[in-house]
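Report on the following structure.
The values are calculated or read from the model by the stated rules, or taken from the named source; none is laboratory data. Because the structure is predicted, anything quoted here is derived from the model rather than measured. Note that each Cβ is placed from the backbone with ideal geometry, even for glycine, and that neighbours are counted across all protein chains shown. The area values use the complete protein model at the heavy-atom level, side chains included, leaving out ligands, DNA and RNA. Shrake-Rupley method; radii C 1.70, N 1.55, O 1.52, S 1.80 Å.
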Amino acid sequence: MTQYWLMKSEPEEYGWHDLVRDGEGVWDGVRNAQASNNLKAMREGDLALFYHSRTGLEVVGIMRVSAAAFPDPRDETGRWVAVKVQPVDPLKRPVSLKAIKANPKLADMAILRQSRLSVAGVTCDEWKEILRLAGNAE
DNA sequence: GCCAACGTTGGC
DNA sequence: GCCAACGTTGGC
């Protein structure tokens, strides 16, 4: 069964367009225990929302986990992990943080409860609702 | 740019 | 093992 996630990045740092350009990206640099546990729980084939933090404040795309957790190549301590992701589809209409907050179905999302969590789980219902708002629902 | 929230570090 | 100081993140 597919699990759903939301992953944050500042667009200036590494944005959706960078991932599209690269075709595949290594999601490294996560240095938070809770976020790291989420990375470890990911399996190949899981789906994730790409969220632009700080200067974007919106969900912009859908990606697929293409490799489960492995040691973060940029981490010398060996404590942290990274995953690989591939872009699947851009959202037809990006879903803003404001829209998420305003939607009762999304009011319990992990990123609202803990805004600093950079890798968070998304429930199946939340996933469907966001894709519906984005116009990407099948 | 500011500041609140939160995690981490280090002195004791 | 506690907790104050500090650093980082991310919304505003």
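In what sequence, largest accessible area first, do A:52, A:17 appear using a 1.4 Å probe?
Order by accessible area, largest first: A:17, A:52.
Work from the charge dipole of region A:4-134 (Cβ charges, +1 for Lys and Arg, -1 for Asp and Glu, about the Cα centre) and give the residue of A:70, A:80, A:7 farthest towards its positive end.
A:7
Please report how many Lys pairs in chain A have alpha carbons closer than 15 angstrom, counting only residues at least 8 apart along the chain or sitting on separate chains.
4
With every protein chain left in place and a probe of 1.4 Å, what is the accessible surface of residue A:28, to the nearest 10 Å²?
40
Which loop trypsin sites (Lys or Arg not before Pro) in region A:1-44, with loop taken from DSSP, have no more than 15 other Cβ atoms within 10 angstrom of their Cβ?
For trypsin sites (Lys or Arg not before Pro) across region A:1-44 that sit outside H, G, I, E and B with at most 15 neighbouring Cβ atoms in 10 Å, the list reads A:31, A:43.
Under a Cβ-only charge scheme (Lys and Arg +1, Asp and Glu -1), can you give me the dipole magnitude of region A:4-120 about the Cα centre, in debye to the nearest 20?
540
What is the percent carbon and sulfur in the accessible area of chain A, measuring with a 1.4 Å probe over the protein chains and ignoring ligands?
The value for chain A is 48 percent carbon and sulfur by accessible area.
Go through region A:107-138 and name the trypsin sites (Lys or Arg not before Pro) that are in a DSSP coil and have 15 or fewer other Cβ atoms within 10 Å of their Cβ.
In loop regions of region A:107-138 (DSSP not H, G, I, E or B), the sparsely surrounded trypsin sites (Lys or Arg not before Pro) are A:116.
What number does chain A give for Rg over Rh if you use C-alpha atoms and the Kirkwood radius?
In chain A, Rg relative to Rh is 0.94.
Which of the trypsin sites (Lys or Arg not before Pro) across region A:54-104 are loop residues per DSSP, with 11 or fewer other Cβ within 10 Å?
Taking region A:54-104 and a limit of 11 other Cβ atoms within 10 Å, the loop trypsin sites (Lys or Arg not before Pro) found are A:54, A:74, A:79.
Would you mind working out the accessible area per residue for region A:4-134, using a 1.4 Å probe, and quoting it in Å²?
54
Between residue A:13 and residue A:67, 0.36 nm times their residue separation minus their Cα-Cα distance comes to what?
17.3 nm
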